[in-house]
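Visitor: Next up is a structure, given as structure tokens.
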Amino acid sequence: MRKALITGVTGQDGAYLSQLLLDKGYEVYGLLRRSASAEVIDERLRWLGIAGRIRMVDGNLTDLSNLIRTMQEVQPDEVYNLAAQSFVKTSWSQPLLTGNVTGGGAHNMLEAVRIAAPGARFYQASSSEMYGRIQEARQSETTPFYPRSPYAVAKLYAHWMTVNYRESFGLHASSGILFNHESPLRGIEFVTRKVTDGAARIKLGLASELPMGNLDATRDWGHARDYVRAMWMMLQQDTPDDYVVATGRTVSVRDMCRIAFAHVGLNYEDFVKVDPQFLRPAEVDVLLGDPTKAREKLGWEASVSLEEMIVEMVDADLARHRARMR
């Protein structure tokens, strides 16, 4: 039985990846940062019905000694580093924390693997936000990076450290440059979930409007279930490498609002309002991934369309709110 260690196990990607690996017969360990919200922290795992099947290990990405001990105890075959301060807007108000956790934390994980589990295969969750002010119309593995937020800068540090450890120490270390990927398990602070939850609340009479930021920003959105499958596929390759994971289609926030509200029989223009407080200091206007390498080398491609994903998310939010109203 292969063993996998996942950081960020209670997040959206960690939950779907855990489900995938359990279905494949893995023994799954999750690095868990203890907090006062421990009773609700595994909500996503419970949603998928797998909370009791994951072995939780106390740990923190900022504590290298703890990570080394964890590697020694678990001796994982695969390590997936998904944990981060991952909310872009927050990275401007908490830049040092973002740098320490999102950037330095990944470096700590790489060092722990190098010291205590050098035979393990390592996956780093890189981000399309690293492209920032885009240098090419379609972003591939060779497109120059131009990060536009503290979060993106921290992710870029983690990305290049992964490359460096692969080249310097021979680790089987791969990075997935994942474009935006969403699901009913996405946190409420992210724009897709904000839109689907807003549409559900307005439909049920729980709200009258939805304040938003830049409606003209466009992103390449896919489903998290598809994207965690790409993570696993990367670590099954003989040679480690970096891959863009994307759908190859870009859609505006405005169009996403239209799809979500139309699903509940509403016109988004009647309810969605631009609020300046939600505008970013430096915006990334367009992201569009080129997944050719992932398709040709991994045999991966997205299977869920944006429309299908948004409908699934709206329906899940409707169900959540109706359950609370009973």
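Visitor: Could you list, in sequence order, the residues of the range 61-93 that are assigned to a loop (DSSP other than H, G, I, E, B), closer than 26 Å to Met233 by Cα and modelled with pLDDT of 90 or more?
Guide: Leu61, Gln75, Pro76, Asp77, Leu82, Ala83
Visitor: Is at least one residue of the range 224-234 surrounded by fewer than 19 Cβ atoms within 10 Å (Cβ to Cβ), closer than 30 Å to Phe122 by Cβ, of a type in the set (A, V, I, L, M, F, W, C) and in contact (Cβ under 8 Å) with a residue 24 or more places away in the chain?
Guide: yes
Visitor: To continue, here is another question. Taking the residues in the range 177-223 that are surrounded by fewer than 20 Cβ atoms within 10 Å (Cβ to Cβ) and aliphatic (A, V, I, L, M) as candidates, determine which candidate is nearest to Asp315 (Cα to Cα).
Guide: Of everything passing the filter in the range 177-223, Leu204 is nearest to Asp315 (Cα to Cα).
Visitor: Could you list, in sequence order, the residues of the range 1-60 that are part of a loop (DSSP other than H, G, I, E, B), in contact with an Asp or Glu (Cβ under 8 Å, 6 or more places away or on another chain), basic (Lys, Arg) and closer than 18 Å to Trp232 by Cβ?
Guide: Arg2, the sole residue that qualifies.
Visitor: Right, here's the next one. Report, by residue number, each residue of the range 250-264 that is out of contact with any strand residue (DSSP E or B) (no Cβ under 6 Å at 6 or more places or on another chain) and assigned to a helix (DSSP H, G or I).
Guide: Val253, Arg254, Asp255, Met256, Arg258, Ile259, Ala260, Phe261, Ala262, His263
Visitor: Another question, then. Could you tell me whether any residue of the range 166-175 is within 21 Å of Ala15 (Cα to Cα), surrounded by 18 or more Cβ atoms within 10 Å (Cβ to Cβ) and at pLDDT 95 or above? Even if it seems obvious, please write down each step before you answer.
Guide: Just the residues of the range 166-175 that are within 21 Å of Ala15 (Cα to Cα), to begin with: 174-175.
Remaining after also requiring surrounded by 18 or more Cβ atoms within 10 Å (Cβ to Cβ): 174-175.
Still in the running and at pLDDT 95 or above: 174-175.
Taking every residue of the range 166-175 in turn, at least one turns out to be within 21 Å of Ala15 (Cα to Cα), surrounded by 18 or more Cβ atoms within 10 Å (Cβ to Cβ) and at pLDDT 95 or above.
Visitor: Then there's this: Considering only the range 70-93, state which residues are buried (at least 16 other Cβ atoms within 10 Å of the Cβ) and over 15 Å from Ala4 (Cα atoms).
Guide: Ala84, Gln85, Ser86, Val88, Lys89, Thr90, Ser91
Visitor: Continuing with this model, one more query. Anything in the range 265-302 that is over 17 Å from Ser128 (Cβ atoms), modelled with pLDDT of 95 or more and assigned to a helix (DSSP H, G or I)? List them, or say none.
Guide: Those that are over 17 Å from Ser128 (Cβ atoms), modelled with pLDDT of 95 or more and assigned to a helix (DSSP H, G or I): Tyr268, Glu269, Asp270, Glu296, Lys297, Leu298.
Visitor: Kindly provide the set of residues from the range 94-131 that are assigned to a strand (DSSP E or B) and not aromatic (Phe, Trp, Tyr), ordered by number.
Guide: Result: Arg121, Gln124, Ala125, Ser126, Ser127.
Visitor: Another one. Only residues that are buried (at least 21 other Cβ atoms within 10 Å of the Cβ) and among the small types (Gly, Ala, Ser): list them for the range 240-273, please.
Guide: Ala246, Ala260
Visitor: Residue check, Pro184 against (1) part of a loop (DSSP other than H, G, I, E, B); (2) over 24 Å from Ser91 (Cα atoms); (3) in contact (Cβ under 8 Å) with a residue 24 or more places away in the chain, all met but one. Which one?
Guide: That leaves (2) as the condition not met.
Visitor: Just to check your reading of the model, which residue among Arg201, Arg225, Arg258 is out of contact with any Pro (no Cβ under 6 Å at 6 or more places or on another chain), in the same structural domain as Pro147 (by TED's automatic domain parsing) and within 16 Å of Ile310 (Cβ to Cβ)?
Guide: Working: Arg201 fails: in the same structural domain as Pro147 (by TED's automatic domain parsing); Arg258 fails: in the same structural domain as Pro147 (by TED's automatic domain parsing).
After applying the criteria, what remains is Arg225.
Visitor: For the range 3-33, give me each residue that is at negative phi, of a type outside the set (A, V, I, L, M) and touching a residue at least 60 places away in the same chain (Cβ under 8 Å).
Guide: Passing the criteria: Lys3, Thr7, Gly11, Gln12, Asp13, Gly14, Tyr16, Lys24.
Visitor: In addition: Output the residues belonging to the range 159-176 that are aliphatic (A, V, I, L, M), touching a helix residue (DSSP H, G or I) at 6+ places or on another chain (Cβ under 6 Å), outside any loop (DSSP other than H, G, I, E, B) and in contact (Cβ under 8 Å) with a residue 60 or more places away in the chain. Please lay out each step first, then the result.
Guide: Step one: of the range 159-176, the residues aliphatic (A, V, I, L, M) are 161, 163, 171, 173.
Now restrict to residues that are touching a helix residue (DSSP H, G or I) at 6+ places or on another chain (Cβ under 6 Å): 161, 171, 173.
Filter once more, so that each one left must be outside any loop (DSSP other than H, G, I, E, B): 161, 173.
Correct list: Ala173 only.
Visitor: While we're looking at this one, here's another question. Hey, does the range 34-41 have a residue that's closer than 29 Å to Asp220 by Cα, surrounded by 15 or more Cβ atoms within 10 Å (Cβ to Cβ) and touching a residue at least 24 places away in the same chain (Cβ under 8 Å)?
Guide: yes
The values are calculated or read from the model by the stated rules, or taken from the named source; none is laboratory data. Worth saying up front: this structure is predicted, and the values here are computed from it rather than measured. For neighbour counting, all protein chains shown are included, and Cβ atoms are generated from backbone atoms with ideal geometry for every residue, glycine included.
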